[in-house]
Amino acid sequence: MRDRSIHITLALALITILITNGCSSYRVPGGPAEMSLLGFNEQQRDQHTDAGIRNILDRKPLAAFPTAIAVARVQASGYSSYTAESWGHGNYSIITVRDVETEDQLQRIADLDGISQIGPINRLMLREKLQDDFELREAAARMHADMLLVYTFDTTFDTDDHAAPLTLVTLGLFPSKNVRLATTASAVLMDTRSGYIYGAAEASAKHKQIANAWTDDLAVDQSRRKTETTAFEKLVGEFEDLWPKVMTEYSKADSISVVK
């Protein structure tokens, strides 16, 4: 009986030693992560943000409502068509004639609540060298417009001749070419003072037409204008959807009258 008690006592002592040694040798896997390194510290987040990006993010909406909007169509530098010649040089140029936009389309924008007036930027208000949005915002400021609506058209086309032998026989008088065009109209609405972007809109249109080889360039340009007019019509519709959201988010109830 005594031996049995000794065995039990020794067993309990061994278990105690194992448990004690086991706990004393265990190490916590690691401490908590320094969350400030993951961007939760505002000062560190600003330090790690590129200066150019920080300048964009720091821009604030400054327009008052109802607001005047300056409008500008921009294209690549050196843009030229049968109906429009661009002005200015640098990173882009500006189109000062309305060869695809209609008065009714622009009037729809002018009639929106919260817009006091809209007007196009002309070359007399612009510097000749155009580098970025500053030149356009500077021109808009001369018009006393709080906002600037900038848009552009990206049009591509291709042709195929589905009756080449017949074309040779008829000396090109037979309309044998399919002209396919696709236009994307893009626009941004920005703050004249700060360059803050209130919103963007985009719309596309396609057109297909049979062209005569003798008047191929003219036919393509006619199709181009039709396609761009359709794309701009859709773009105006997108802007009509965008504008109420801009009004809701950026206008102050105590300082705005949306009734014109």
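Key figures
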| quantity | calculated |
| --- | --- |
| Where labels lie 7 Å past Cα in the beta-carbon direction, separation of Lys208 and Ser116 in nm | 4.9 |
| ³J(HN,Hα) computed for each position of the stretch 116-125 - Karplus, 6.51 cos²θ - 1.76 cosθ + 1.60, integer Hz, glycine/proline x | 7, 6, 10, x, x, 7, 10, 5, 5, 9 |
| Footprinting exposure proxy for Met147, Met190 (fewest neighbouring C-beta atoms within 10 Å first) | Met190, Met147 |
| Stretch gain in nm, segment Glu103-Leu62, where the contour uses 0.36 nm per residue and the Cα spacing is subtracted | 11.9 nm |
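All of the numbers you see were taken from the coordinates with simple rules; none came from a lab. These figures come from a predicted structure and were not determined experimentally. Every residue, glycine among them, receives a Cβ derived from its backbone with ideal geometry; neighbour counts consider all protein chains shown.
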